[in-house]
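Q: The structure is given below, and queries will be raised subsequently.
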Amino acid sequence: MRIAVLGSGNVGRTVAAGLVKAGHEVVLGTRDPSRSDLTEWAGGAGVRLAEPATAARHGEILVNATPGEAAEQALADAGAGDLDGVTLVDVANPLDFSGGFPPSLFVSNSDSLAERLQRAFPRLRVVKTLNTVNAGIMVDPGQLSEPSAIFVAGDDADAKASVSAVLASLGWQPDQIFDLGGVAAARGAEAYLLLWLNLMQALGTPQFNIRVVR
């Protein structure tokens, strides 16, 4: 599958490399595709670099791996408003570090970052997923000692099915993927980050996830 990843930080790079390893054709969108550290990394990872708008036009699926506070502007700069029917996988979280650590959420309760992006870009099909684990586990859930849970939320059933297929290619098994319903369910998935940060401090590592036990 052709996938574009927006964001050249740790999350963007890890997700892009993981998708290539899973057999996808990946372009990473970055403002400076000629930057030496990026080109060196991309050569080793098998990822093509391009400016954001070029990358966005490449993808059947577009991954938002930008910081939450920058997501809407980054997508606008990439021309996401002109993309019709493309699935947007939103892995970002609305973390606000202005008050220090631990952060708060700049949108919560009655709204979410994913919903804001869906309203801002109504021609996209937004699916919230992978935001509840760190980047390494996003693309390699098997590194944990037991199977764990990942969630999807979005208004378009076909988009969620396509995203679930990508998740499966990364190693997430069908019984690990939980469909939470419409995009409004992203409110809970994003709010979980407050607990995730507490768990990370308590455990002393980001290498963990939760499991749904019936």
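The values are calculated or read from the model by the stated rules, or taken from the named source; none is laboratory data. What you see is a predicted model; the values in this text were computed from it and never measured. Glycine gets a Cβ as well: all are built from the backbone with ideal geometry, and neighbour counts include every protein chain shown. Keep in mind that these areas ignore ligands, DNA and RNA; they rest on the heavy atoms of the full protein, side chains included. Shrake-Rupley method; radii C 1.70, N 1.55, O 1.52, S 1.80 Å.
Q: For Arg125, state whether it is farther than 18 Å from Val213 by Cα, open to solvent by 20 Å² or more (accessible area, probe 1.4 Å) and in contact with a strand residue (DSSP E or B) (Cβ under 7 Å, 6 or more places away or on another chain).
A: yes
Q: Residue by residue through region 18-45, note down the ones that are open to solvent by 30 Å² or more (accessible area, probe 1.4 Å), in contact (Cβ under 8 Å) with a residue 24 or more places away in the chain and not in a loop (DSSP other than H, G, I, E, B).
A: Correct list: Val20, Lys21, Glu25, Trp41.
Q: Output the residues belonging to region 172-201 that are free of Cβ contacts under 8 Å to residues at least 60 places away in the same chain and open to solvent by less than 40 Å² (accessible area, probe 1.4 Å).
A: Residues satisfying the conditions are Trp172, Gln176, Ile177, Gly181, Gly182, Ala185.
Q: Go through (1) of a type in the set (Val, Ile, Thr); (2) surrounded by 23 or more Cβ atoms within 10 Å (Cβ to Cβ); (3) more than 29 Å from Thr205 (Cβ to Cβ) and name the single condition Val86 misses.
A: (2)
Q: Check Ala135, Ala114, Ala159 and return the single one that is more than 12 Å from Ala92 (Cα to Cα) and among the hydrophobic types (A, V, I, L, M, F, W, C).
A: Of the residues listed, the single one that is more than 12 Å from Ala92 (Cα to Cα) and among the hydrophobic types (A, V, I, L, M, F, W, C) is Ala159.
Q: Anything in region 74-83 that is modelled with pLDDT under 95, open to solvent by 30 Å² or more (accessible area, probe 1.4 Å) and not charged (D, E, K, R)? List them, or say none.
A: Result: Gly81, single match.
Q: Now for a separate question. Can you run down the residue pairs with Cβ atoms below 6 Å, 6 or more apart or on separate chains, where the first is in region 147-162 and under 16 Å from Thr132 (Cα atoms) and the partner is acidic (Asp, Glu)?
A: Close Cβ pairs (under 6 Å, with a partner that is acidic (Asp, Glu)) amount to Val152/Asp179.
Q: Return the residue satisfying two criteria in turn: it lies in region 75-122 and is in a loop (DSSP other than H, G, I, E, B) and within 14 Å of the chain's Cα centre (by Cα), and of such residues it is farthest from Ala159 (Cα to Cα).
A: Looking at the filtered set, the residue picked out is Pro94.
Q: Another question, if that's okay. Of (1) surrounded by fewer than 22 Cβ atoms within 10 Å (Cβ to Cβ); (2) touching a Ser or Thr at 6+ places or on another chain (Cβ under 6 Å); (3) not small (Gly, Ala, Ser), Val152 satisfies all except one. Which?
A: Failed condition: (1).
Q: So, one more: Scan region 99-113 and report the pairs whose first residue is under 12 Å from Ala186 (Cβ atoms) and open to solvent by less than 30 Å² (accessible area, probe 1.4 Å) and whose second residue is of a type in the set (Val, Ile, Thr) and not in a loop (DSSP other than H, G, I, E, B), with Cβ atoms within less than 9 Å and a gap of 6+ or a chain change.
A: Listed pairs, sorted by first residue: Ser112/Val183.
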